[in-house]
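Following: one structure in structure tokens, then a few remarks.
The values are calculated or read from the model by the stated rules, or taken from the named source; none is laboratory data. On a predicted model such as this, the values are computed, not experimentally measured, just so you know. Cβ sites come from the backbone with ideal geometry, for glycine too, and all protein chains shown count toward neighbours.
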Amino acid sequence: MARRTKVYEGKAKILYEGPEPGTYVQYFKDDTSAGDGAKKAQIEGKGVLNNRLSEYFMSGLNEIGVPTHFIKRINMREQLIRAVEIIPLEVVVRNVAAGSISKRLGIEEGTALPRPIVEFYYKNDDLHDPLVSEEHILAFGWATHQDLDDIVALALRVNDFLSGVMMGVGIKLVDFKIEIGRIYDGDFMRLVVADEISPDSCRLWDAKTGQKLDKDVFRRDLGNLSEAYTEVARRLGVMPSNATPITKPKLMN
Ligand SMILES: Nc1ncnc2c1ncn2[C@@H]1O[C@H](COP(=O)(O)OP(=O)(O)OP(=O)(O)O)[C@@H](O)[C@H]1O
Ligand SMILES: [Mg+2]
């Protein structure tokens, strides 16, 4: 196979130049990290699961008219995406208090929030992705007022979609993070959901037992991460329940 041009290698994914201009191939690695890379591990099969799950969520969003970068899955670990200009923000939507909001504001983990809360973090590992306000975003020119309105609307539509899908399989969507990118069509610019949507970027709790089915299993040493992700995929019908992708990858179309 011809050598591909690597565009970017991050902690969890690699971007390669795609077959057409304006496209990338996104490769999902098994590498797992937490605390800005302070804690690292290889979790066999994680990339396969996240590739499938991100495909599932992004294509579902495309179908209901929420634009995303996703074009199609290519193989077990790769998907074809639209190349976008990433807005340097992590957009977080919270339905239930957990993680940093609980620490920062002293709200007990598991407390239902009165309404979904949208937060922005500046994407900068050296600064540990600090929380920023709309004032910072506008003042530093990361996004305009109009962009912010559109980003919040997109984030809330993603929240409604994901919450519904998850609740349908007995999982509570506690919070999630998305990234937003710009696509230019001549004089027009549109915002789309980019990066990934997977248990790496969501908090997912079993609706009955509260069992964690997301990256907190790794962050907090709560058990087997690939089992947790496999359970999410199994409930969503994304992977057959008897699949053994963890040890024996099979070729799929
Ligand atoms: N459609 C897209 N077009 C361009 N870049 C994208 C697209 N989707 C995601 N990205 C970027 O590709 C990278 C994915 O790699 P990964 O998630 O492993 O990075 P990371 O280690 O989390 O680092 P970063 O701080 O850059 O997010 C991220 O920088 C993300 O912003
Ligand atoms: Mg990332």
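Residue-by-condition table, conditions (1) within 16 Å of ligand 2 (Cβ to nearest atom); (2) among the aromatic types (Phe, Trp, Tyr):
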position: Tyr8; (1), (2): yes, yes
position: Leu15; (1), (2): yes, no
position: Gly22; (1), (2): no, no
position: Lys29; (1), (2): yes, no
position: Val48; (1), (2): no, no
position: Ser54; (1), (2): yes, no
position: Pro67; (1), (2): no, no
position: Glu90; (1), (2): yes, no
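Residues in segment 204-252 that are touching a strand residue (DSSP E or B) at 6+ places or on another chain (Cβ under 8 Å) and either at pLDDT below 95 or within 16 Å of ligand 2 (Cβ to nearest atom) (or both): Asp214, Lys215, Phe218, Arg219. Just one of (1) surrounded by 16 or more Cβ atoms within 10 Å (Cβ to Cβ); (2) hydrophobic (A, V, I, L, M, F, W, C); (3) within 20 Å of Val193 (Cβ to Cβ); (4) within 13 Å of ligand 2 (Cβ to nearest atom) fails for Ile86. It is (1).
Selection of segment 31-46 for residues being away from ligand 2 (no atom under 16 Å from the Cβ) and free of Cβ contacts under 8 Å to residues at least 60 places away in the same chain yields only Gln42. Number of residues in segment 217-230 that are crowded, with 16+ Cβ neighbours inside 10 Å, touching a helix residue (DSSP H, G or I) at 6+ places or on another chain (Cβ under 9 Å) and either without any contact (Cβ under 8 Å) to a residue 40 or more places away in the chain or among the basic types (Lys, Arg) (or both) equals 2. Among the residues making up segment 11-25, those that are among the hydroxyl-bearing types (Ser, Thr, Tyr) and under 19 Å from Arg182 (Cβ atoms) are Thr23, Tyr24.
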